[in-house]
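Participant: After the structure tokens below, expect a handful of questions from me.
Please treat every number below as a calculation from the coordinates, not as lab data. All of these numbers come straight from a predicted model, not from anything done at the bench. Quick reminder, even Gly has a Cβ in these numbers, built from the backbone with ideal geometry, and neighbours come from all protein chains shown.
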Amino acid sequence: MLKRPRRNRKSPVIRNMIQETHVSAANLIFPLFIVDGENQKVEVKSMPGIYRYSIDNLLREVESCLKLGLNAFDLFPAVEEALKDKYATESYREGTLYLRAIEAVKKNFPEACVVTDVAMDPYSSDGHDGIVKDGEILNDETLEVLGKMALAHAQSGADIIAPSDMMDGRIGYIREILDSNGHTDVSLMSYTAKYASAYYGPFRDALGSAPKNGDKKTYQMNPANSREALIEAQLDMEEGADFLMVKPGLPYLDIIKLLHDNFHLPIAAYNVSGEYAMLKAAIANGWLSEAVIMETLLSFRRAGATSILTYHAKEVIEKGWVK
Ligand code: PBG
């Protein structure tokens, strides 16, 4: 035998020398849930180790992450049912929980990178990402709400705005509004290929944001399709997106690779709530070892993701697996 691939695996030094991909703290974005009130830190039942924080505790959490070298955060609000309406007006009202949270983080920690989520569902009495009329999700009318929301986030100090709604034309619409209001430096991370997935269950529990009627199949993508992701990516690129995101992550590694190979924008992968819950449940039962966490994060990098939104972000740094 002349060729023995095992020679390249014979010692840790050689294995490390030829390792092609790495995960570093700089690649990670930590999603954080916020609630109104004071001194709140309530664990999400289906996501052990993940909490809803009131703003005071959110600031403590962000500070402890920054000390670890984890510098990017994606904020999501849990909104009281009484504040929700058909038009998600709570999403851009002055002084609302979410806007106060963005402002507080940026004021206390200007070096932190704050990603904000633009979509109607946490504020919508219908639990949808768009305005619902006679059971239909209206596209163009929804854009107006998204535009107001995005502008409010930019005015509150958001570094990156991430529209997660999957309405057509939203990237261009929001870019135009941001630019015409002087926010040319605020980035757009588009949820480009967001699938109508069953993996979002724990997130919807965390925010109480599940659709009251119907499902999200008229706007989120069919899990069976990959070529459609190229159409979405092309449009987002033309409309001015700075990042393309694929969501969920693990069941869609092929889509991450597809966008990586066809577009030159950075690709983000969202390792969603259900993926987190799945690993945590299996680890808690002793059915899988904790090593599955790093194997999963590495797979996103190998597929071509530059950035990973993951609920594991803090724990992998705390445990010394990621630097
Ligand atoms: C909604 C939104 C969802 C997630 C992020 N933004 C859920 C949905 O579309 O219903 C899911 C994130 C996760 O599951 O971790 N705009």
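Participant: Return the residues of region 87-104 that are part of a helix (DSSP H, G or I) and farther than 21 Å from residue 245 by Cβ; say none if nothing qualifies. Walk me through it before giving the result.
Facilitator: If we filter region 87-104 for residues that are part of a helix (DSSP H, G or I), which is where we start, we get 89-91, 97-104.
Scanning region 87-104 gives 89, 90, 97, 99, 100, 101, 103, 104.
Participant: OK, next. Is it the case that some residue within region 65-85 is part of a loop (DSSP other than H, G, I, E, B) and loosely packed, with under 15 Cβ neighbours inside 10 Å? Outline the logic, then answer.
Facilitator: Our first condition is that a residue be part of a loop (DSSP other than H, G, I, E, B); within region 65-85, this holds for 69-71, 78-80, 84.
Now drop any that are not loosely packed, with under 15 Cβ neighbours inside 10 Å, which leaves 69, 80.
Within region 65-85, one or more residues are part of a loop (DSSP other than H, G, I, E, B) and loosely packed, with under 15 Cβ neighbours inside 10 Å.
Participant: Give the number of residues within region 105-131 that are outside any strand (DSSP E or B) and closer than 28 Å to residue 218 by Cβ.
Facilitator: The first filter runs over region 105-131 and keeps only residues outside any strand (DSSP E or B), leaving 105-112, 119-123, 125-130.
When the remaining residues are screened for being closer than 28 Å to residue 218 by Cβ, the result is 119-123, 125-130.
Final tally of qualifying residues: 11.
Participant: If the requirement is being under 21 Å from the mean Cα position of the chain (by Cα) and under 30 Å from residue 321 (Cα atoms), which of these qualifies: 64, 124, 156, 91? Break it down into steps so the answer makes sense when it comes.
Facilitator: Details: 124 fails: under 30 Å from residue 321 (Cα atoms); 156 fails: under 30 Å from residue 321 (Cα atoms); 91 fails: under 30 Å from residue 321 (Cα atoms).
Among 64, 124, 156, 91, only 64 is under 21 Å from the mean Cα position of the chain (by Cα) and under 30 Å from residue 321 (Cα atoms).
Participant: Now a separate question. Any residue in region 166-180 that is part of a loop (DSSP other than H, G, I, E, B) and polar (S, T, N, Q)? Don't jump to the end; show me each part of the working.
Facilitator: Start the filter on region 166-180 by keeping residues that are part of a loop (DSSP other than H, G, I, E, B), which leaves 166-169.
Among the residues that remain, those that are also polar (S, T, N, Q) are: none.
No.
Participant: Another question about this same structure. Of the residues 279, 244, 265, which is without any contact (Cβ under 8 Å) to a residue 60 or more places away in the chain, surrounded by 15 or more Cβ atoms within 10 Å (Cβ to Cβ), over 13 Å from the mean Cα position of the chain (by Cα) and not in a helix (DSSP H, G or I)? Steps first, please.
Facilitator: On the way: 279 fails: not in a helix (DSSP H, G or I); 244 fails: over 13 Å from the mean Cα position of the chain (by Cα).
None of the others qualify; the one that does is 265.
Participant: A follow-up question, please. Determine which member of the set 210, 196, 162 is within 11 Å of the ligand (Cβ to nearest atom), under 20 Å from residue 88 (Cα atoms) and touching a Lys or Arg at 6+ places or on another chain (Cβ under 6 Å). Show your work before the answer.
Facilitator: Values: 196 fails: under 20 Å from residue 88 (Cα atoms); 162 fails: touching a Lys or Arg at 6+ places or on another chain (Cβ under 6 Å).
The match here is 210.
Participant: Follow-up question, since we're still on this one. Picking from 85, 168, which residue would you name as being among the charged types (D, E, K, R), more than 15 Å from the ligand (Cβ to nearest atom) and under 16 Å from residue 236 (Cβ atoms)? It would help to see each step written out before you state the result.
Facilitator: Values: 85 fails: under 16 Å from residue 236 (Cβ atoms).
One residue alone meets the criteria, 168.
Participant: Just wondering, is there one or more residues in region 295-306 that are part of a helix (DSSP H, G or I), farther than 17 Å from residue 195 by Cβ, within 16 Å of the ligand (Cβ to nearest atom) and touching a residue at least 12 places away in the same chain (Cβ under 8 Å)?
Facilitator: Yes, some residue in region 295-306 is part of a helix (DSSP H, G or I), farther than 17 Å from residue 195 by Cβ, within 16 Å of the ligand (Cβ to nearest atom) and touching a residue at least 12 places away in the same chain (Cβ under 8 Å).
Participant: Okay, next question. Restricting to region 118-159, what's the tally of residues that are touching a strand residue (DSSP E or B) at 6+ places or on another chain (Cβ under 8 Å), surrounded by fewer than 24 Cβ atoms within 10 Å (Cβ to Cβ) and farther than 17 Å from residue 89 by Cβ?
Facilitator: Summing the residues that are touching a strand residue (DSSP E or B) at 6+ places or on another chain (Cβ under 8 Å), surrounded by fewer than 24 Cβ atoms within 10 Å (Cβ to Cβ) and farther than 17 Å from residue 89 by Cβ in region 118-159 gives 4.
Participant: Here is a follow-up. Pairs under 8 Å by beta carbon, first residue within 21 Å of residue 267 (Cβ to Cβ) and assigned to a strand (DSSP E or B) in region 184-204, partner among the hydroxyl-bearing types (Ser, Thr, Tyr) and more than 12 Å from the ligand (Cβ to nearest atom), six or more apart or different chains?
Facilitator: Note: pairs meeting the criteria are 193/252; 195/252.
Participant: Please determine, by comparing only the residues of region 208-237 that are touching a residue at least 60 places away in the same chain (Cβ under 8 Å) and assigned to a helix (DSSP H, G or I), which one is surrounded by the fewest Cβ atoms within 10 Å (Cβ to Cβ).
Facilitator: That would be 235.
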